[in-house]
Amino acid sequence: MITQIFIALLFIALGVLIKYGKAYGLIAGYNTMSKEEKAHYDIKGIATLFRNVMFTMAAILLLGVLLSYLLKEPSIETITLFVAILTGVPYLLVRSNSKIYRKEK
């Protein structure tokens, strides 16, 4: 239970850091781009996407903790962890690398 809550808080912190703290260096690949390459991406849009996905993953984890506690079924926490990670991470990777966030040259 404590682990899930910690992970949820970590996701929230990462979302806040990336979006509001402008910690774009935490975004894999972006930190290694040249200034010219970075100019071709809508980093504010990508940061908003990261925040939204991280918050959603945290909400799924916290919902799992709550359901696990209410239903007295510890396996719900594990299931929600896998659901959050296995849906959130691929969605984040695919969506952030889509043409939506590329600026016209």
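Every number here is computed from the coordinates shown, using simple stated rules; none is lab data. On a predicted model such as this, the values are computed, not experimentally measured, just so you know. A quick note on method: Cβ atoms are made from the backbone with ideal geometry, for glycine too, and the neighbour counts reach across all protein chains shown.
Residue-wise test of (1) more than 23 Å from residue 104 (Cα to Cα); (2) under 13 Å from the mean Cα position of the chain (by Cα).
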site	(1), (2)
7	yes, yes
17	yes, yes
44	no, no
62	yes, no
79	yes, no
91	yes, yes
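Answer with yes or no whether residue 65 is under 20 Å from residue 1 (Cβ atoms), out of contact with any His (no Cβ under 6 Å at 6 or more places or on another chain) and surrounded by 17 or more Cβ atoms within 10 Å (Cβ to Cβ). So residue 65 fits the description; yes. Here the helices (runs of 4 or more DSSP H) wholly within the chain that include at least 2 residues being in contact (Cβ under 8 Å) with a residue 12 or more places away in the chain are 2-19, 43-71, 75-96.
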